[in-house]
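Heads up: the structure comes next, in structure tokens.
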Amino acid sequence: MRRRDPARPPAGPFARIPLGGERSVRLYCEDALEALPRRAPHPSVVVTSPPYNRRVPYASYRDDRPRAEYLAWIRRLGGTVARLLEDDGSFFLNLGGSPSDPWLPWDAAREVGASLVLQNVLHWIKSIAIDRGAAGRGERSLALGHYKPLVSSRYVHGAHEYIFQFSHRGDVPVDRLAVGVPYQDRSNVRRWRRPASELRCRGNTWFLPYGTIRLRARDRPHPATFPVELPEWCVRLHGLGRTRQLVDPFVGIGSSAVAAARLGLDFVGFDLDAGYLEVAAERVRSELAAASRSGGRSAPRPSTGAGAGSP
Ligand SMILES: C[S@@+](CC[C@H](N)C(=O)[O-])C[C@H]1O[C@@H](n2cnc3c(N)ncnc32)[C@H](O)[C@@H]1O
């Protein structure tokens, strides 16, 4: 692991992994808010999960600021992204509350709303139970996704987080069918008088369960990740063809960097912790090696996420 003098920002990236042509994954061990304008002056899409100020035990960052200070910092993040984001760009901000602090994501989103327009609110569903009658098919009820028991006499288990899509004017065209789902009943295609398509809009509930891991220290050495599919779907919804560069100011162990490698997108990411960036770089290299073994196609695979809120 490379050591750096905290007083002097490094001249180059912590890691640079070529993707072909001009594109690469660049990871910087720098304060994102300081470094963003210098390292990523014109992002097309920003997808990120910042610290939630919920005392998560990160390796280098203390996640327990006074609330007002934290919200001012998020406001600064929103202002910085707004100044840099391409005119038709999107900023996807993943935030989660807790049963005892459900306002936090909305308080933080409001701060970003000072600089950008809230265009879509997506719900990242981490686990869901579908009763047999409601599912309408199959033999049994389904209980899918991660479940972490909660000891409480007043709260129910939190099973979702938010993904707020911000844009400059709230009018960025979205490619809904790029993350669409097949019609369960084809007769609905005629009923809704839609142009013939096998797919319909997925809506604003995205079921993205965590991948199963055996050993946290080896398989997911970070306390608050999101699944690779989360940034991947955000980019697809924004429009892959319109995405020149993907940026994640708080890259952690690189879930968004892996998504960029999978999609062949130029990428810039930041984290304060060199250990996390080491893992991020390794994950990107593994993704590229796996894609190369399968003839250039990145195979869909279980996510390695743990959820920024509650792992
Ligand atoms: C919620 S985690 C992101 C996890 C990431 N989405 C993943 O899947 O691996 C937030 C990250 O922000 C980093 N961080 C906190 N303050 C930062 C700052 N000012 N600049 C860059 N990174 C920072 C923390 O070290 C932590 O890894």
> Tell me, Kirkwood radius of the chain from alpha-carbon pair distances, in Å?
Replying inline: 20.3
> In whole Å, what are the Cα extents of segment 45-144 along the three principal axes, biggest one first?
Replying inline: 52, 35, 24
> Just from its helices, what would the mean residue ellipticity at 222 nm be for the chain, if runs of 4 or more DSSP H residues each count -39500 (n - 2.57) and the sum is divided by every residue, rounded to the nearest 500 deg cm²/dmol?
Replying inline: -8000 deg cm²/dmol
> Among the DSSP beta bridges whose two residues both lie in the chain, what percent are antiparallel, rounded to the nearest 5?
Replying inline: 60
> Taking θ as phi - 60°, what are the ³J(HN,Hα) couplings along segment 260-274 by the Karplus curve (6.51, -1.76, 1.60), each to the nearest whole Hz, with x for Gly and Pro?
Replying inline: 4, 4, 4, 8, x, 9, 4, 9, 10, x, 10, 7, 7, 9, 5
>> Check which residues have an amide H placed less than 5 Å from Gln245's amide H, if you skip close sequence neighbours.
In response: Ser44, Val45
> What ranking do 237-246, 171-180 get when scored by the average of other Cβ atoms within 10 Å per residue, highest first?
Replying inline: 237-246, 171-180
> Which whole-number percent gives the relative contact order of the chain, counting Cα pairs below 8 Å spaced six or more residues apart?
Replying inline: 25
>> Quick query: amide H of Tyr28 versus all other amide H atoms, modeled in the peptide plane; which residues come in under 5 Å with a sequence gap of 5 or more or a different chain?
In response: Phe14, Gly269, Phe270, Asp271
>> Working only with C-alpha atoms, what are the Rg and Dmax values of segment 125-182, expressed in angstrom?
In response: 17.0, 47
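What number, in nm² with one decimal, is the all-direction average of the projected area of the convex hull of the alpha-carbon atoms of segment 150-273?
Details: hull surface 48.3 nm².
With every direction weighted equally, the projected area is 12.1 nm².
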> Using θ = phi - 60° and the Karplus curve 6.51 cos²θ - 1.76 cosθ + 1.60, what whole-Hz ³J(HN,Hα) does each residue of segment 230-243 get, with Gly and Pro shown as x?
Replying inline: 5, x, 4, 5, 4, 5, 4, 5, 5, x, 4, x, 9, 9
> How far apart, in nm, are the 7 Å Cα→Cβ label points at Arg140 and Asp87?
Replying inline: 5.6
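No value in this document is a laboratory result; all are computed from the given coordinates. Bear in mind the structure is a predicted one, so any value in this text is a computation, not a measurement. All Cβ positions, even for glycine, are placed from backbone atoms using ideal geometry, and neighbour counts span all protein chains on display.
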